[in-house]
Amino acid sequence: MDKFKIKGPSKISGEVSISGSKNSALPILAATILFDKHVTIKNLPRVKDIDTMFNLLKSLGSKIEFKNKKRIAIISKGNKNKFFAAYSLVKTMRAGILVLGPLLAKLKKAKVSSPGGCSIGVRPIDIHLKALSKLGAKFKIVKGYVYASTKKGLMGSKIKLSKISVGATENTILAACLAKGVTRISNCAIEPEIKDLTNFLKSAGANIKWVGKRTLKIEGVKILKSTNYSIMNDRIEAGTFCVAACLNEGNLKIKNFDPKTINTEINLLKRIGAKIQTSNHEIEIKGPKKIKSIDFIKTGEYPSFPTDMQAQFMVLLSKANGKSIIQENIFENRFMHVPELRRLGAKIHIKGNKATIEGSNNLEGAELMSSDLRASVALVLAAFIAKGTSIINRVYHLDRGYEHIENKLKKIGVKIKRIS
Ligand code: EPZ
């Protein structure tokens, strides 16, 4: 298993270009199951989860042609319509459950491995199944597989999601696109990646309208047309580099993404003292001499502060001049980075879903263990500002969601080496 060796402290400066969004690409790739004609998808990030989704689609009969080192995928239906999504593929990438809605809509049946949990939480799918059953699907769960069927095909319905869920919103949208009649989905998640999904589907002729802040109206269509779509860039990668710039009086130009998608994070970074200039597709950010603490931050559904940025902000606040509190409201076990940050000397204690961070710690390099995608990137941030050498184990977690991260970091001055 690969490791990273990082020497610190470094001051970073220069330019970094943001890659395509993993969390936008995954539902859009799952959506290709709905099509009879080929679909061209561009700006795909070269990360492990996307390769896993490619393998899942191929196992379901899709034909995939790649261009530009797999950043462009031309996907068409194979002649065999398979509907079995194996545990071996879904267990490493929970977003595999997103093929359930499209398989039901297209083939009227599916056998999909339930995702299983991960280090950040149980990751249930009850909201997905409740919403899909409102459209006429029947389910039974046997030995970890969801057996789904809809004899007469999916029928439009009025659905109120019992909790705001990104994946459940996406699965329901994908199922409703070809359902007979009108579907109204309320209490939708409204992350930018979901807007990207609805824009993609509309570009193929789906009849989808946002009729309220969190309400969608979808009129099922018979078929979706061939389309050519470039996915949005990754707001969490962009936010991660913004935090990196603030850690040690860094100075970065972060290009090729829409700063409006990280408004909440930008406001918080201004509060800790960063100097920020934004334009349409880039941010210039200068870290402060002194990082100001923030007495209370809580994660929430978009447009609130994103859970996927919680670990990164915790590193920043461990360098602040005072005490800060972060409350994690989305996942039940998303503080796996805390014991690792403590090994570097950070003073953080946890009570329930609240972490209290005593600031202005001098961090010292140490050997560390990655646990999930965002916790791992937080360790990289802490390691490059710590004094001395750090080793970060199991960087496959990082490879799932950050494209060529060590090259991007090296280019801006981080002393990082991958040890295979
Ligand atoms: C998506 O996960 C993202 N993954 C996550 O990013 C992100 O952290 C999360 O949304 C929240 O923003 C992808 O887009 C591939 P949810 P998802 O359904 O869809 C509970 C990363 O690092 N819930 O919005 O699984 C659930 O347990 C990943 O890129 C149910 O109870 O998140 C959680 O507490 C990590 N029942 C909350 O809702 C359900 O049926 C939000 O989960 C579904 C979810």
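Rounded to whole Å, give me the distance from the Cα center of the stretch 138-172 to that of the stretch 255-293.
The two parts, judged by their Cα centres, are 39 Å apart.
If you count only protein heavy atoms with a 1.4 Å probe, what accessible area per residue comes out for the stretch 245-370, rounded to a whole Å²?
Numbers: 5670 Å² over 126 residues.
Accessible area per residue: 45 Å².
Using a 1.4 angstrom probe and counting only protein chains, how large is the accessible area of CYS118 in Å², to 10?
Counting only protein heavy atoms, CYS118 exposes about 40 Å² to solvent.
So what is the calculated 222 nm ellipticity per residue for the chain, using -39500 (n - 2.57) for each DSSP H run with n of 4 or more, over all residues, to the nearest 500 deg cm²/dmol?
-8500 deg cm²/dmol
Bin width 20 Å, alpha-carbon pairs only: give the P(r) of the chain as whole percents, running from 0 to the bin holding the largest distance.
27, 55, 18, 0
Calculate the length of the line joining the C-alpha centroid of the stretch 31-54 to that of the stretch 55-131, in whole Å.
Measuring centre to centre over Cα atoms gives 11 Å.
As a quick test, which of the pairs LYS106/LYS138; LYS82/LYS217; LYS160/LYS222; LYS109/LYS163; LYS77/LYS152 have an alpha carbon distance above 18 angstrom in this structure?
Numbers: LYS106/LYS138 15 Å; LYS82/LYS217 29 Å; LYS160/LYS222 24 Å; LYS109/LYS163 26 Å; LYS77/LYS152 22 Å.
The pairs that break the limit, which is 18 Å between Cα atoms, are LYS82/LYS217; LYS160/LYS222; LYS109/LYS163; LYS77/LYS152.
Enumerate the calculated ³J(HN,Hα) couplings along the stretch 273-290 in order (Karplus 6.51 cos²θ - 1.76 cosθ + 1.60, θ = phi - 60°), each rounded to whole Hz, writing x wherever the residue is Gly or Pro.
x, 5, 9, 10, 10, 10, 10, 3, 10, 7, 10, 10, 9, 10, x, x, 4, 10
Which order do THR356, THR169 take by accessible area at a 1.4 Å probe, largest first? All intermediate terms of the calculation are to be shown ahead of the outcome.
Working: THR356 20, THR169 0 Å².
I get THR356, THR169, largest accessible area first.
Of HIS38, HIS397, which has the most accessible area with a 1.4 Å probe, and how do the rest follow in descending order?
Values: HIS38 95, HIS397 30 Å².
Ranked list, largest accessible area first: HIS38, HIS397.
At SER203 and ARG46, where each label point lies 7 Å from the Cα along Cα→Cβ, what is the point-to-point distance in nanometres?
Simple spin-label model gives 2.2 nm for this pair.
How many percent of DSSP beta bridges within the stretch 282-381 run antiparallel, rounded to 5? The partial results should precede the final answer.
Details: 10 of 13 bridges.
The answer is about 75 percent antiparallel.
Roughly how many percent of the accessible protein surface of the chain is carbon and sulfur, given a 1.4 Å probe and a whole-percent answer?
On the way: 8800 of 17050 Å².
With neighbouring chains kept in place, the figure for the chain is 52 percent.
The values are calculated or read from the model by the stated rules, or taken from the named source; none is laboratory data. What you see is a predicted model; the values in this text were computed from it and never measured. Don't worry about glycine lacking a Cβ; one is built from the backbone with ideal geometry, like all the others, and counts go over all protein chains shown. What goes into the accessible areas is simple: the full protein's heavy atoms, side chains included, and nothing from ligands, DNA or RNA. Shrake-Rupley method; radii C 1.70, N 1.55, O 1.52, S 1.80 Å.
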